[in-house]
Amino acid sequence: MPDTTLFHFRDRTHQSQVAAILRRLPPVEGAPLVIESARGLRSRGHAVHAASFLRERRIVFDCTRSEFPRIFVHELFHFVWLRAGNPNRFAWEALMRRELEAGAGGELGWSAEWRKQVMAARDHRSRSRRWRDYCCESFCDTAAWLYSGAARHPEFTLAPRFRAARRAWFHEAFANGCLPL
C-alpha cells in the first residue's frame, strides 16, 4: 500500500483514489499537501477542475470522480515543477522547443493546448512568461497522461512520436529518485 501520509484530506472524497494513483507514480517525498473539495471553482472568471495553492501546499478539486485521477496528477506535478530545479526545467523547455521547431501540434491536456495556441514565436525565443507558463502546463499535462491511468482522453492530441520523447524524458529525469513535492 502506498504511503498517503504526505496528504491530509479535509474530507474522504478522494482518499482511496489518491492511494491508487500513488501506486502508478515514482516515489514522492516532501512536506504534506492538503487535499480538499469545493464547488464552483473559478479562475479568471472561468470554471476550473482544480486549483493548486503552492505556498499553502493545498489543492482544491471540483471535478468528477472519473476525471479526478488525471486532474490530481496534473495538480500534483505543479509542486514537482516548483521543486524540480532549473536544470530539469531548462531540459524540459529544450524538449518543448524541439517539438515546436518540428511543427508538433496538439497537446496532452487543455491547459497546455490553449497556451500553445496563443504563443507567438518570440515567446519561446525570449523565454517570456507565456512560454514559461506553457512549459509548466505541458509538464503537468504530460505527467497526467503518463501516470493517471487514463489510456485515452479527447485532450490527448499530441502525435505519438512526441509522446514517446516526453515519456523518455520523464523516465530519465525521475529514474534515480523521488518526485520532489
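In what sequence, highest mean first, do 125-135, 39-49 appear when ranked by Cβ atoms within 10 angstrom?
On the way: 125-135: 15.7, 39-49: 9.8.
Averaged packing, sorted descending, gives the order 125-135, 39-49.
Using a Förster distance of 22 angstrom, determine the FRET efficiency expected from the C-beta separation of Asn176 and Arg89, and round it to 0.05.
0.80
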>> At 7 Å along Cα-to-Cβ for each site, give me the label-to-label distance between Ala31 and Trp110 in nm.
In response: 3.2 nm
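Can you give the helix-only mean residue ellipticity at 222 nm for the chain, where every DSSP H stretch with n ≥ 4 adds -39500 (n - 2.57) and the sum goes over all residues, rounded to the nearest 500 deg cm²/dmol? It would help to have the intermediate numbers written out before the result.
Values: 7 runs with 88 residues, N = 181.
Per the formula, -15500 deg cm²/dmol.
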>> Tell me the relative contact order for the chain as a rounded percent, counting alpha carbon contacts under 8 Å between residues six or more apart.
In response: 27 percent
> When ligands, DNA and RNA are left out and all protein chains stay put, how many square angstrom of accessible area per residue does the stretch 15-115 have with a 1.4 Å probe?
Replying inline: 49 Å²
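Are there any helices in the chain, counted as whole DSSP H runs, that stretch 18 Å or more along their axis by Cα and score at least 0.0 on average by Kyte-Doolittle, and if so which? Write down the numbers at each step before the final one.
On the way: long enough: 68-83 (23 Å, 0.64); 86-101 (22 Å, -1.10); 129-147 (27 Å, -0.64); 160-173 (19 Å, -1.03).
Membrane-span-like by this criterion, though nothing is claimed about a membrane: 68-83.
Protein chains only, probe 1.4 Å: how do Glu155, Glu113, Glu101, Glu107 rank by accessible area, largest first?
On the way: Glu155 60, Glu113 30, Glu101 135, Glu107 0 Å².
Descending accessible area places them as Glu101, Glu155, Glu113, Glu107.
Trp114: net charge of surrounding residues, Cβ under 10 Å, Lys/Arg +1, Asp/Glu -1, itself excluded? Before the final figure, lay out each step's value.
Working: positive: Arg115, Lys116; negative: Glu107, Glu113, Glu137.
Result for the local shell: -1.
What's the local net charge at Gly103, with K and R +1, D and E -1, over the other residues with C-beta under 13 Å away? Numbers along the way, then the final one.
Working: positive: Arg97, Arg98, Lys116, Arg161; negative: Glu99, Glu101.
With Lys, Arg at +1 and Asp, Glu at -1, the neighbours total +2.
Given the Cα-Cα distance of Arg58 and Arg12 and 0.36 nm per residue of separation, how much length would full extension add, in nm? Let's see the in-between values first.
On the way: separation 46, 0.36 × 46 = 16.56 nm, distance 1.52 nm.
Using 0.36 nm per residue and subtracting the Cα-Cα distance, I get 15.0 nm.
Quote the FRET efficiency, to the nearest 0.05, computed for Ala19 versus Gln117 with a Förster distance R0 of 41 Å and r equal to the Cβ-Cβ distance. Don't jump to the answer; show the numbers that get you there.
Working: r = 36 Å, r/R0 = 0.87.
Computed FRET efficiency for Ala19 and Gln117: 0.70.
Please give the net charge around Pro87, taking every other residue with its beta carbon less than 13 angstrom from that of Pro87, where Lys and Arg add +1 and Asp and Glu add -1.
Net charge around Pro87: 0.
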> If R0 is 25 Å, what FRET efficiency do you get for Glu67 and Arg129 from their C-beta distance, rounded to 0.05?
Replying inline: 0.35
> Tell me, how many Å apart are the Cα centres for the stretch 67-82 and for the stretch 1-61?
Replying inline: 8 Å
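With the full set of protein chains in place, find how many percent of the accessible area of the chain is carbon and sulfur; take the probe as 1.4 Å.
Details: 4880 of 9510 Å².
Accessible surface attributable to carbon and sulfur in the chain totals 51 percent.
The values are calculated or read from the model by the stated rules, or taken from the named source; none is laboratory data. Worth saying up front: this structure is predicted, and the values here are computed from it rather than measured. Note that each Cβ is placed from the backbone with ideal geometry, even for glycine, and that neighbours are counted across all protein chains shown. Surface accessibility is based on the protein's heavy atoms, side chains included, excluding ligands, DNA and RNA. Shrake-Rupley method; radii C 1.70, N 1.55, O 1.52, S 1.80 Å.
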